[in-house]
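Input: a single structure, listed below in structure tokens.
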Amino acid sequence: MASRNQNRPPRSPSSKKEGVEGIPLDKRRRIGMGRTGGATNVERKPFGSVNRKLDVTATSDVGSCAEGSDCGNVEFTKEEVDAMVNERLKMKKFDHKGNLELVSELNARLKVCIKWFQKRDESHVEEEGKLQIALDALEKKCTETEAEMKNKEERFSATISELRQDNACLQERLSKEESEKLDAIACHRKENEARIALEALQASLSKDLEKAQQDILAANQRASSVDDMYKRLQEYNLSLQQYNSKLHAELEVARESLKRVEKEKSTIVENHSTLRGRYSSLQDQLNLARTAQDEALNQKDTLANEVKCLRGELQQVREDRDRQVAQVQALTSDVVKYKESTGESCAKLEYLMEKTKSLEETCSSQREQICLLEHQLTAANEKLKMSDLSSIETRTEFEKQKRTVRELQERLAETENQLVEGEKLRKKLHNTILELKGNIRVFCRVRPVLPDDGAGSEPPVISYPTSTEALGRGIDVIQSGQKYPFTFDKVFNHDASQQEVFVEISQLVQSALDGYKVCIFAYGQTGSGKTYTMMGRPEAAGQKGLIPRSLEQIFQTSQSLMAQGWKYKMQASMLEIYNETIRDLLSTNKSSSTENGAPGKQYTIKHDANGNTYVTDLTIVDVCRMEEISSLLRQAAQSRSVGKTQMNEQSSRSHFVFTLRISGVNEGTEQQVQGVLNLIDLAGSERLSRSGATGDRLKETQAINRSLSCLSDVIFALAKKEDHVPFRNSKLTYLLQPCLGGDSKTLMFVNISPDPASVGESLCSLRFAARVNACEIGIPRRQMLAQTPARPADSRLSYG
């Protein structure tokens, strides 16, 4: 080996420079090889020691390996060459720079080995030069790739810094919005505190006003006690005149306020409709936002799937690259074996070199594919980030829309509350006007459609207007294609429950405890639901009629008024008018039911000078509990006359009258009141052609129609304000004289059927109810028996 090195011609300086500059500095340091002092002192070193020097001697110069005198200092054994060729590089995922360094290091070591082969085989100097040029070109490509990777890293770092700046800006905006929200909450809290202070001030002022009013009342009472009786009489006369004029003025004020309330109600209803429209539009926007969010989430899922696919392709490319590297190593080992064993011709070596070049080209193409896949991966990640940002923006927009919808719902609820309060005020003013006018109030109720009505194939004959003026108060009846509109104080459709009906008359029932005469009666054709409205079905939950519910309210209210010093005594009686004959439904003697000369009790209707009505020999029972009333109602239901007709299987064949007399005494104020509650279930009007009544049923039908006709005559006479009103033409009208004559608060239920076959009877009932509603019977009076002059009047009010 020494003689071969001595006989080699010395290298030119240019070749030395090329050998040094062709290898990068970091690669030359990794290949560290020891320098020798002379060519004669050549010492063979094992390749393992050379490999150890790659990591330890970092300052050794690789350029000396390019010189001819130094290249002979390193020799390779067959085992060392096999170990270097079969060595597998430990590649790391996504660490392309480290992997490139490992490949460069392996190339450098292969270069050293090839140079050793060049020195060993001088005949192949030219081929070794070509291989050196190829390796230099490969190293230049590696350096260029490294530069490109560094540029990409710089661009990525710049993009990351821009994203961080955007994130900081968003954080600042979020902090500003939170501060604004806290300021708004603080302002709202201050407003609440100011409102509470104003309410406290208003309460204190109202207390002072009440005290001042009490002082004025006491002073007025002391001044009035000093005056003599003559002056008091004159003042009383003048006060009555002033009170009359005041009532007229209040009536005008009430009318004006009612008009204002109607206008306010119309505006509130319009605002309500606009709010509903805005609510629906916001709901549509919310649905669009939700769909956009779902699309963003789906896009996110697709991008994630694409990222997974790209990662799989990247892994496959890496596996292909590993296989190509293994093939390169195998070919290199084949070259070594071929040179050591046979030393065949250069043509085969050139073939192997070409094959190596092709493999390197495939490796470079695979590297390009890897870079392309990495770009696609980064682009997919950016798309994923953008989809996340868009989903976050959609979510914030959704929260804003949700808050807007919540605010609109709160405003809608507030508007509905204002509408309910306005409706209550309207009812109160309307009731006050009706009391001042003295009209009979009329409620209309439509029973539900029954399976036997046969209204399934025919169009409905009853409709309800939806205008603001007629909502809840109007009803339209269609007959032969013509519409007949009617308006009453209240209209209940077929879906109205017993509780909803009772709520409308509860204040009227309360008036009986306040000392008024109250009369509620149900009118309509047979089978229209009168008995169900008045009596209901007590055995079924929630289906009690007006009579049981009214009595329960009276007993509950009387119990609650005991704390204010009131004590009530109540007496109940029940009768029916059957074929113009009065029957006592609470009598234990069933034979005593005649009136004129026949044996038994004499039931005669009488009116006293105070306007009170009573029936002689009628059974009157003292009651103090609801259970006693329920027992009496069951007894009366068993004794009442009912029959079967073609229109109703259980038709009431008589007029049922329930009377509750109420006497109240306040021990503290020595005030006494007397009230009467009359609850009447009239027999149904019917046509003989439809009912098919014969025999006794025919007589009953004729008596019922005759008494209802007399009631119609009385209503017509009252409507025309005739001097003579025929109350005595019928037992029913004579019994109802105080209720129709202006000394009572009277309400009539007109019950109608939705059956198309009964549209004629329904029209007759509604026309009669309209005439009743137009009658003015006078202002009802409150019956107060005694009251101490020094005591203030009772402050309990009735909206009946």
From highest to lowest solvent-accessible area (probe 1.4 Å; ligands, DNA and RNA excluded), ARG318, ARG653 read ARG318, ARG653
If we count every other residue with Cβ under 15 angstrom of ARG276's Cβ, Lys/Arg +1 and Asp/Glu -1, where does the sum land? -4
Give me the distance in nm between label points sitting 7 Å out from Cα along the Cα-to-Cβ direction at GLN571 and MET626, one decimal. 2.5 nm
Counting only protein heavy atoms and leaving out ligands, DNA and RNA, the solvent-accessible surface of LEU331 at a 1.4 Å probe, in Å² to the nearest 10, equals 30 Å²
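Going highest first, how would you order 178-186, 508-516 by mean Cβ packing within 10 Å?
Numbers: 178-186: 10.0, 508-516: 23.3.
So the peptides 178-186, 508-516, ranked by packing, come out 508-516, 178-186.
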Sorting LYS111, LYS731 by accessible area (1.4 Å probe), largest first, what list results? LYS731, LYS111
Chain lengthening between ILE478 and ASP608 when straightened (0.36 nm per residue, less Cα-Cα): 42.2 nm
Output the pairs from LYS92/LYS141; LYS517/LYS699; LYS190/LYS263; LYS263/LYS483 with a Cα-Cα distance over 23 Å in this structure; if there are none, say none. LYS517/LYS699; LYS190/LYS263; LYS263/LYS483
Heavy-atom accessible area ranking, 1.4 Å probe, most first, across THR588, THR613: THR588, THR613
Taking every pair of distinct Cα atoms and averaging 1/r, then inverting, what Kirkwood hydrodynamic radius in Å comes out for region 77-184? 18.7 Å
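The values are calculated or read from the model by the stated rules, or taken from the named source; none is laboratory data. Note that the structure is a prediction, hence the values are computed from the model and not measured. Methodologically, a virtual Cβ is constructed for each residue, glycine included, from the backbone with ideal geometry; neighbour enumeration extends over all protein chains shown. Note: accessible area is taken over every heavy atom of the protein model, side chains too, but ligands, DNA and RNA are not part of it. Shrake-Rupley method; radii C 1.70, N 1.55, O 1.52, S 1.80 Å.
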